[in-house]
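Taken together, the values in this text are just the output of simple stated rules run on the coordinates, not laboratory data. Everything quoted here is computed from the prediction, not taken from an experiment. Glycine gets a Cβ as well: all are built from the backbone with ideal geometry, and neighbour counts include every protein chain shown.
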Amino acid sequence: MKRKAGWASQLYIWLVLFVMYLPMIVVVIYSFNSSRYSNWEGFSWTWYERLFSDRDIMQTLKNSLVLAFFSCSLAILLGTMGAVGMARSRFRTQGLLENVSLMPMMLPEIILGMAYMALFSLSNIPFSMLTLIIAHTTFCIPYVYVNVQSRLVGLDPAYVEAARDLGATQSRAFYDITLPLIAPAVLNGALLAFAMSMDDVVISFFVAGTRSQTLPIQVYSMLKSGVTPEINALCTLMLLAVFMAIALFSLFRALIKQRRRRQEEGR
Amino acid sequence: MQKEKKSRISLTVWPFYIWTALFVALPMVYVVVISFLQRGATWGVTAQFTLDNYLKMIDPMYGAIFLEALYVAVLTTLITFLVGYPFAYYVCKLPARLRSLVILLLMAPFWINSLCRLNGWMILLKSNGVINSILQALGIVDEPLKLLYNFGAVIVGMVYALAPFMILSCYNSIEKMDWAVVEASRDLGASPFKAFLTVTLPLTMPGIVAGCVLVFVPSVGLFFISDLMGGAKTVLIGNLIRTEMTTARNWPFGAALSMMMLVVTIGIIWVYKKVSGSNSLGDLM
Amino acid sequence: MRRTFTKIGLIALALVMTLSLFTGCQPAEDAKELVIFTWEGYVPDDIIAEFEEEYGVTVTYNYFTNPDEALQRLASVDGGEYDIVINSDYTLDIARNEGLMMELDKSKIPNYENLNPVYMSQFYDPENKYTVPYVPGTPLIIYDPSRVDVDITGYADLWDESLKDSIVLLDYDRVIVGLFLKMLGYSINETDPEALAQVEQKLLELKPNVRALNMDTPYETMLSGEATVGLMFGSQVAWVYNEHPDFKVVYPKEGMGFGIDCVFIPSNAPHADVAHEFLNFICDPEISARISMDENVMAINCNLKAEPYLSEEYLNNPALFIPDEVLGEKEFIQDIGAEYAEQYAEIWNRFKQA
């Protein structure tokens with residue numbers, strides 16, 4: 001049964017979404033405010049000009065994107081392999097391993113950051129993009145793992161068994177049956193992990209090298225020293241990028257769906 | 001160990017296993033060790049075993065901080081549930097295409113720096129900010145209302161930052177639910193409200209509990225919301241740990257506080273597993 | 001199964017290889033380089049650009065927000081990686097004791113003689129071997145006379161009942177606890193338990209008057225009209241005064257605290273020569289004046305020859321020019337050791353929690 005949502009419930013949905021976006025709308029508007037401190041005083045591009053003339057922002061943005069890309073890729077690889085493998089395994093330290101692997105989600109960032117700083121420093125690993133990627137991968141893995149694992153639990157083992165009965169090898173069954181079924185969960189986990197990586201200040205501060213400062217470190221530092229209008233401008237541009245990505249993604253999905261439908265009709 | 005349960009480890013577990021051992025377990029051991037050592041004279045630690053760092057938490061001041069943090073966390077969880085559950089429920093009744101759009105719109109702010117978004121709230125709430133300007137222009141108030149730097153502002157910030165977690169958990173659970181059961185109970189004469197209470201709510205309980213855990217756990221540790229929105233007048237455990245690690249330069253106590261937080265969190269998750277009857281942490285997402 | 005592994009292995013290999021590409025592409029070693037580690041905006045962009053141009057150097061700017069975190073970060077690399085660090089005075093004392101500072105070669109800094117001796121020979125560097133004073137400052141009170149009924153002359157006036165819920169204080173235990181200790185007739189660095197208990201009592205009584213605590217941007221709390229009285233660092237007061245010349249700046253009569261953020265070269269700085277060039281550059285009178293007047297720095301100038309380059313507006317700002325007789329005996333916040341630092345932090349926690 002899928003009852004239609006009444007007008008009241010629709011109103012509620014849009015109201016909540018409006019409140020979610022309210023602060024961002026304000027940020028977008030204020031990014032064009034000509035005054036630095038006070039209320040709205042007039043339209044101006046000043047903060048965008050300042051933003052683009054900022055000597056570091058392009059570099060830190062690049063660093064952050066590179067970092068997010070590698071740590072998410074590694075997290076997807078390790079997290080998915082781990083979750084799939086764990087479902088097939090049975091060993092004594094299994095429960096412990098799972099609990100420990102999720103701990104980065106539960107520890108305060110500053111503790112993790114300082115522990116990494118101490119460990120890298122003690123083991124003479126120079127602070128660089130590499131140490132950043134290690135740290136980010138570690139706190140990204142749980143998001144992928146948890147998503148994939150929950151999907152695997154809900155999965156009917158009969159699918160894989162059927163494929164195996166029909167003569168598929170284990171890897172064949174994985175590629176043809178399991179992987180397509182867990183793909184949405186992998187994607188969900190990856191998106192969350194990406195968001196977490198792009199938002200982290202505290203851990204990054206302790207493990208970043210001198211040439212691998214990230215955007216969030218810079219943004220936090222700018223906010224702390226009161227450079228807020230520039231940050232508003234940056235936030236507006238990020239919002240724009242996110243919406244463009246969403247639009248592209250939806251378009252892409254619609255195209256795939258259309259193609260699949262055509263193929264099915266063609267058969 | 002029973003003999004029939006033959007131990008087997010899938011090969012794909014190994015990279016995950018090694019990574020976890022190296023980069024999670026090792027730092028954890030480091031933190032645990034530090035929490036049992038004495039503080040150094042300028043900073044760091046001296047290699048001398050002590051339990052003081054744990055005993056120190058009995059101090060009534062820390063008791064008050066824990067209670068306040070607990071209060072904030074419970075209140076945040078409750079409000080996100082009251083706002084988030086109906087939202088998730090109604091979204092599930094939308095047509096499929098609209099549904100994914102709404103969820104996407106809900107997720108989108110996640111990719112914007114959280115501090116930027118909080119900055120938006122500051123602009124809204126401050127005394128010459130948007131809300132006060134509108135109220136004054138309409139003649140509803142003469143003096144600007146003091147909306148910022150109080151307990152309410154902290155709760156607003158927390159709910160705003162964490163509500164999406166609750167909504168997504170509830171949504172996943174409601175979407176999976178078999179609506180036929182609800183329909184059956186309606187056919188048997190239950191009122192919509194009663195059907196909701198006796199069927200829908202229990203069926204979606206795992207999602208609710210998962211959402212509560214996902215909101216509760218970070219709300220204990222977040223430190224910048226109370227600093228920015230609350231005027232730093234509310235000390236939560238996250239703030240306390242940060243102070244101990246920086247200005248107070250007491251790493252061992254900071255480490256001990258973190259360990260305690262971790263134990264409490266694991267305890268909550270353990271209760272969650274018992275309550276939801278699930279042995280999968282995965283439902284947390 | 002084996003195919004799965006070869007594929008996953010290949011993906012992993014590809015990742016690692018691209019990774020090494022990224023980490024490997026660092027500038028050639030012989031290129032002149034300088035790594036600065038300080039707060040955002042503390043060395044203005046145009047100053048850096050000019051230095052890069054004049055000396056053919058590429059500057060990398062690293063940010064921190066918390067002096068203690070920065071100190072710990074510096075210690076974790078054993079005083080290496082960074083060439084120039086600008087940090088608060090009490091952390092300088094620790095840095096020197098921990099051997100994280102390099103002795104300056106003053107023959108490479110001809111402009112060193114321009115520095116005002118008033119801001120030198122301090123507790124963190126009594127023989128002036130390691131540091132160059134960058135931003136001196138004293139915490140001051142500023143208030144909006146149109147919305148405050150009392151005439152504020154010192155710290156004690158902050159307890160006035162009419163100021164309910166209207167004060168913004170620095171969120172910094174060492175400064176605020178220290179200043180109130182001074183108000184009670186003790187030293188800023190007092191560690192006597194009796195005095196600390198007394199100051200805690202006073203703080204708890206002040207709590208109802210406190211609108212907000214803010215370490216980095218208390219001036220925004222004033223500028224948005226949220227608070228009508230502020231006790232904050234001199235440069236922050238200077239910003240408020242710049243926007244609102246009608247506000248009153250108060251030199252608290254009970255005495256003032258003082259602090260200096262200094263520049264130093266870490267003990268294992270990779271580009272110490274360039275760092276010396278940079279120190280000489282910022283000790284140039286004109287450059288020094290421009291730094292002091294920059295909107296992100298805005299602070300007392302400590303260069304003897306800079307005055308001709310300072311603007312009228314700057315010279316008339318009461319938060320930046322404090323007569324010596326008013327300032328009196330400057331008392332610095334010094335390192336009191338981890339044990340007492342923690343006691344201060346505990347007092348501060350109880351104050352916030354109240």
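To the nearest 20 debye, what is the magnitude of the charge dipole of the protein assembly as shown about its Cα centre, counting +1 on the Cβ of each Lys and Arg and -1 on the Cβ of each Asp and Glu?
Numbers: 65 positive and 89 negative charges, 1433 e Å.
With only Lys, Arg, Asp and Glu charged at Cβ, the dipole is about 6880 debye.
Using Cβ contacts closer than 10 Å as the measure, can you line up A:Leu15, C:Leu196, A:Leu181 from fewest to most?
Working: A:Leu15 11, C:Leu196 19, A:Leu181 16.
Fewest-to-most ranking of A:Leu15, C:Leu196, A:Leu181: A:Leu15, A:Leu181, C:Leu196.
Given charges of +1 on the Cβ of Lys and Arg and -1 on the Cβ of Asp and Glu, with all other atoms neutral, how large is the dipole of region C:308-348 about its Cα centre, in debye to the nearest 20?
Working: 1 positive and 10 negative charges, 28 e Å.
Here the size comes out at about 140 debye.
So which GluC sites (Glu not before Pro) in region C:316-348 pass both tests, a DSSP loop state and at most 12 other Cβ atoms within 10 Å of the Cβ?
Details: sites: C:Glu325, C:Glu329, C:Glu331, C:Glu339, C:Glu342, C:Glu346; in loops: C:Glu329.
Passing both the DSSP loop test and the Cβ count: C:Glu329.
Could the peptides A:213-220, B:20-27 be put in order, highest first, of the mean number of other beta-carbon atoms found within 10 Å of their residues?
Values: A:213-220: 24.9, B:20-27: 19.2.
Result, highest mean Cβ count within 10 Å first: A:213-220, B:20-27.
Among A:Leu191, A:Leu67, A:Pro104, which residue has its Cα positioned farthest towards the positive end of the charge dipole of region A:57-212, with +1 placed on the Cβ of Lys and Arg, -1 on the Cβ of Asp and Glu, and the dipole taken about the Cα centre?
Among A:Leu191, A:Leu67, A:Pro104, the one farthest towards the positive end of the dipole of region A:57-212 is A:Leu67.
How would chain B be classified by its alpha-carbon gyration tensor: rounded, prolate or oblate, with rounded meaning a/c under 1.5 and the a/b versus b/c comparison settling the rest? Could the numbers behind the result be given before it?
Working: a/c = 2.13, a/b = 1.11, b/c = 1.91.
Oblate.
Averaged over B:153-163, how many beta carbons belonging to a partner chain fall within 10 Å of each residue's beta carbon? Intermediate values should be presented prior to the final figure.
Working: counts 0, 0, 0, 1, 1, 0, 1, 4, 0, 0, 3.
The mean count of partner-chain Cβ atoms within 10 Å per residue comes to 1.
So what's the back-of-envelope 222 nm ellipticity for chain B, counting only DSSP H runs of four-plus at -39500 (n - 2.57) apiece and dividing by all residues, rounded to 500?
-20500 deg cm²/dmol
If amide hydrogens are placed 1.01 Å from N in the peptide plane, which non-local residues have theirs closer than 5 Å to the one on C:Val263?
It is C:Val132, C:Tyr134, by chain and number.
Among C:Ala31, C:Ala70, C:Ala341, whose mean-square fluctuation peaks in a Gaussian network model of chain C (Cα, cutoff 10 Å)?
C:Ala31
Counting other C-beta atoms within 10 Å, which of B:Val29, B:Val154 has the fewest, and how do the rest follow? Display every interim value, and only then the final one.
Details: B:Val29 12, B:Val154 24.
Taking fewest neighbouring Cβ atoms as first place, the list is B:Val29, B:Val154.
Can you compute 3J(HN,Hα) from phi for each residue in region B:121-134, using the Karplus curve 6.51 cos²θ - 1.76 cosθ + 1.60 with θ = phi - 60°, rounded to whole Hz and x for Gly and Pro?
Once θ is set to phi - 60°, the couplings for region B:121-134 become 5, 4, 5, 5, 8, 5, 6, 9, x, 4, 4, 5, 4, 5 Hz.
Starting from the amide H of B:Lys233, placed 1.01 Å from N in the peptide plane, find each other amide H under 5 Å away whose residue is 5 or more places distant or on another chain.
Amide H neighbours of B:Lys233: C:Leu213.
List the Cys residues of chain A that have no partner Cys with a C-beta closer than 4.7 Å.
A:Cys72, A:Cys140 - these cysteines have no disulfide-compatible partner (Cβ-Cβ under 4.7 Å) in chain A.
How many Cβ atoms of partner chains, on average, are near each residue of C:335-346 if near means within 10 Å of its Cβ? Intermediate results must be reported in sequence, preceding the final value.
Details: counts 2, 0, 3, 10, 5, 0, 6, 8, 1, 2, 8, 7.
Counting other chains' Cβ atoms within 10 Å and averaging over C:335-346 gives 4.
For an R0 of 35 angstrom, estimate the FRET efficiency from the Cβ-Cβ distance between A:Asp165 and B:Arg97 and round to the nearest 0.05.
Using R0 = 35 Å, I get an efficiency of 0.40.
Run the dipole for chain C about the Cα centre, Lys and Arg Cβ at +1, Asp and Glu Cβ at -1, nothing else charged, and hand back the magnitude in debye, nearest 20.
Rounded to the nearest 20 debye, it is 1200 debye.
Which value at 222 nm does chain C reach when only helices count, each DSSP H run of 4 or more adding -39,500 (n - 2.57), with the total divided by all residues and rounded to the nearest 500 deg cm²/dmol? Don't skip to the end; give the middle numbers.
On the way: 13 runs with 139 residues, N = 354.
Roughly -12000 deg cm²/dmol at 222 nm, from the helical runs in chain C.
Residues with amide H under 5 Å of C:Thr60's amide H, sequence separation 5 or more or different chain, H placed in the peptide plane at 1.01 Å from N; which?
C:Leu34, C:Val35, C:Ile36
Using the Cα gyration tensor of region A:57-212, with a ≥ b ≥ c the square roots of its eigenvalues, what is the shape: rounded (a/c below 1.5), prolate (a/b larger than b/c) or oblate (neither)?
Details: a/c = 2.70, a/b = 1.97, b/c = 1.37.
Verdict is prolate for region A:57-212.
Determine the distance separating the Cα centre of region B:14-36 from the Cα centre of region C:299-314; give it in Å without decimals.
54 Å
Calculate one ³J(HN,Hα) per residue across region C:50-62 by plugging θ = phi - 60° into the Karplus curve 6.51 cos²θ - 1.76 cosθ + 1.60, and present them in order as whole Hz with x for glycine and proline.
For region C:50-62, the Karplus curve yields 5, 4, 4, 5, 5, 10, x, 10, 9, 9, 10, 9, 10 Hz.
Roughly how many Å is it from the Cα centre of region A:213-239 to that of region B:87-145, as a whole number?
One Cα centre to the other: 20 Å.
Taking only Cα atoms and a 10 Å spring cutoff, compute GNM fluctuations for chain B and point out the largest among B:Asp52, B:Asp178, B:Asp187.
Greatest mean-square fluctuation among the candidates belongs to B:Asp187.
Can you work out the Karplus-derived ³J(HN,Hα) for every residue in region B:221-238? Use 6.51 cos²θ - 1.76 cosθ + 1.60 with θ = phi - 60°, whole Hz, and x for glycine or proline.
x, 4, 10, 7, 5, 5, 5, 7, 7, x, x, 6, 8, 10, 9, 9, 4, x
Taking the dipole about the Cα centre of the protein assembly as shown, with the C-beta of Lys and Arg at +1 and of Asp and Glu at -1, give me whichever of C:Leu231, A:Leu22, B:Tyr54 is farthest to the positive side.
A:Leu22
Based on the alpha-carbon gyration tensor of the protein assembly as shown and its eigenvalue square roots a ≥ b ≥ c, which shape applies: rounded if a/c is under 1.5, prolate if not and a/b is larger than b/c, or oblate? Don't skip to the end; give the middle numbers.
Numbers: a/c = 1.79, a/b = 1.51, b/c = 1.18.
Note, shape of the protein assembly as shown comes out prolate.
To the nearest whole number, what is the average tally of beta carbon atoms from other chains within 10 Å of the beta carbons of peptide B:226-233?
Working: counts 1, 6, 4, 1, 3, 12, 9, 10.
Averaged over the peptide's residues, the number is 6.
Please tell me which of these pairs span more than 28 angstrom C-alpha to C-alpha: C:Lys129/C:Lys182; B:Lys93/B:Lys194; C:Lys129/C:Lys248; A:Lys62/B:Lys233; A:Lys62/B:Lys126?
Values: C:Lys129/C:Lys182 30 Å; B:Lys93/B:Lys194 19 Å; C:Lys129/C:Lys248 39 Å; A:Lys62/B:Lys233 37 Å; A:Lys62/B:Lys126 34 Å.
Going by Cα-Cα distance, C:Lys129/C:Lys182; C:Lys129/C:Lys248; A:Lys62/B:Lys233; A:Lys62/B:Lys126 fall outside the 28 Å limit.
Could you list A:Leu67, A:Leu191 so that the one with the fewest beta carbons within 10 Å of its beta carbon is first and the one with the most is last?
On the way: A:Leu67 25, A:Leu191 17.
Least crowded to most crowded, the residues run A:Leu191, A:Leu67.
When ranked by the protection proxy of mean other Cβ atoms within 10 Å per residue, highest first, what sequence do the peptides B:203-215, C:162-174, A:39-51, A:135-147 form?
Peptide ranking by packing, descending: A:135-147, B:203-215, C:162-174, A:39-51.
Using 7 Å Cα-to-Cβ label points, what is the C:Val150/A:Asn124 separation (nm, one decimal)?
6.1 nm
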